[in-house]
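The values are calculated or read from the model by the stated rules, or taken from the named source; none is laboratory data. These numbers come from a predicted model, not from an experiment. All Cβ positions, glycine included, derive from the backbone under ideal geometry; neighbour counts span all protein chains shown.
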Amino acid sequence: MKIAFLADPLASFKIYKDTTYAMMVEAARRGHELYAFEQKDMALDEGVVSASAARITLTGDAHDWFRAAPRHETPLGDFDAVIERKDPPFDMEYVYGTYLLELAEKQGVRVLNKPSAIRDNNEKLAIAQFSHFTAPTLVTSSEARLRAFHARHQDVIFKPLDGMGGAGIFRVKSDGLNLGAIIETLSDNGARTIMAQRFIPAIDKGDKRILVIGGKPVPFALARIPQAGEVRGNLAAGGTGVAQPLTARDREIAESLGPILAARGLMLVGLDVIGDFLTEVNVTSPTCFQEIMQQTGFDVAAMFIDAVEQGVAA
C-alpha cells in the first residue's frame, strides 16, 4: 500500500517515544510505501485535493532517521490511506484541513481517523455522550454556574475545551483560592466555554491512557502519574508513564465505547480514565504506543497497522 502521513514536521519528532514514528516503522517493515506531508502542503485545485508529498525511507539511525525524496504534487486519491497525525491546536486551520480530507475521501482515499468524526468528537466534550462513565461535569461560559458548581463539589478541576498536554488545567480546592481569577482567565471573562469536573482523588494513581484500535482495547494502559505537587499526569507536564494491565472497569469503558467510536470512523482513540471515570476521548493524534510496547512487549503498532490494512481492504 501507499500510506501517507499528515503530520507535523518530521524533523521535530522525538523518535524514542513518538507514536507516528512507531506506526511508520511497522508499516515499512511490512513493505508499504511511506509518504509524508504537512497540512500546509494540501490544496484544492479545480475540485481535486492534492498535497506536495515526499516519499520517505527510514534509515534506522536515531540521529538521522529518515530520507525524503523530492516532493511531488500528488492527488490524495492516489494513496491507499492517509493517516491524520497532526497535533492540535484544534483551531480553524485544523478544521479547514478536515474539510479538504473529507473531499479527498470522496476521491478514493481512506482517511484515518475519519475527518468528519474528528470534527464531531471534541476531545473534552465527547465524554458527555457517555455520562454514565464520567464524574460530575459542567460545560459553560457562565461565571455564576461555574462558581455554583465549585460550591457544590468543593474540589474542582477547570480546563479549556481546546487544550492538549495538560495545558491550562487548574485545580481549585474547598478554600476557593484564586477561583475568580481562574474562571476569568480560562473563560476570557465569559467569552469562552470551559469545562469543570469534580476532582478525582485517584489521579495520584495516574491518568490512564487506554488505546482503542479498530474498536478493540489494547490490553495495557499507560498510567501517567503526576510528579510531586502536580495534578496533571500528562507526560508533556512531567508525568511518569507506567504501563499496566487494564482493570475490569477500564475494560468495561473501552469495550462499551470502542464499537461505537469505530462505527463513526475513529480507528484510533485514546480514552483517558482516572480511577473509575472517563475524562477525555482523544481522537486527533493519540500517543503512548512506544511506552506501552517498551514496558510490556505488546506490539501496539502492529495492532494498528493490522487495522489500517483491514480498513483499506474493506
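Taking the numbered list (1) without any contact (Cβ under 8 Å) to a residue 60 or more places away in the chain; (2) within 24 Å of the chain's Cα centre (by Cα); (3) over 15 Å from Val231 (Cβ atoms) in turn, Met164 passes all entries but (1). For the stretch 284-297, the count of residues that are over 14 Å from Lys216 (Cβ atoms), free of Cβ contacts under 8 Å to residues at least 24 places away in the same chain and not polar (S, T, N, Q) is at least one.
Checking the structure you have, find out if any residue of the stretch 10-25 is more than 23 Å from Ile305 (Cβ to Cβ) and either surrounded by 17 or more Cβ atoms within 10 Å (Cβ to Cβ) or not hydroxyl-bearing (Ser, Thr, Tyr) (or both). Within the stretch 10-25, one or more residues are more than 23 Å from Ile305 (Cβ to Cβ) and either surrounded by 17 or more Cβ atoms within 10 Å (Cβ to Cβ) or not hydroxyl-bearing (Ser, Thr, Tyr) (or both). Residue check: Pro88 meets all listed conditions (1) surrounded by 15 or more Cβ atoms within 10 Å (Cβ to Cβ); (2) assigned to a helix (DSSP H, G or I) but one, namely (2). Does Gly190 satisfy the criteria of being touching a strand residue (DSSP E or B) at 6+ places or on another chain (Cβ under 7 Å), in a loop (DSSP other than H, G, I, E, B) and either farther than 28 Å from Met293 by Cβ or touching a residue at least 40 places away in the same chain (Cβ under 8 Å) (or both)? No: the conditions fail for Gly190.
Contact map, the stretch 82-108: first residue without any contact (Cβ under 8 Å) to a residue 60 or more places away in the chain, second residue crowded, with 19+ Cβ neighbours inside 10 Å and of a type in the set (Phe, Trp, Tyr), Cβ cut-off under 9 Å, separation 6 or more or different chains; pairs are Ala104/Phe79; Gly108/Phe79.
Being within 26 Å of Glu252 (Cβ to Cβ), out of contact with any Cys (no Cβ under 8 Å at 6 or more places or on another chain) and either among the charged types (D, E, K, R) or surrounded by fewer than 18 Cβ atoms within 10 Å (Cβ to Cβ) (or both) is true for just one of Ser131, Ser141. Which residue is that?
Checking each option against the conditions leaves just Ser131.
So, in the stretch 69-85, exactly how many residues are assigned to a strand (DSSP E or B) and exposed (fewer than 15 other Cβ atoms within 10 Å of the Cβ)? Steps first, please.
Within the stretch 69-85, the first condition is being assigned to a strand (DSSP E or B), and the residues that meet it are 72-75, 81-84.
Applying the additional criterion that residues be exposed (fewer than 15 other Cβ atoms within 10 Å of the Cβ) yields 72-73.
Here the count works out to 2.
Among the residues of the stretch 143-164, those identified as assigned to a loop (DSSP other than H, G, I, E, B) and either of a type in the set (D, E, K, R) or closer than 12 Å to Gly176 by Cα (or both) are Gln154, Asp155, Asp162.
Please find, among Ser174, Ser187, the residue that is exposed (fewer than 14 other Cβ atoms within 10 Å of the Cβ) and of a type in the set (S, T, N, Q). Just one listed residue meets the conditions, Ser174. Among the conditions (1) of a type in the set (Lys, Arg); (2) outside the structural domain of Thr20 (by TED's automatic domain parsing); (3) in contact with a strand residue (DSSP E or B) (Cβ under 6 Å, 6 or more places away or on another chain), the only one that Lys173 does not satisfy is (3).
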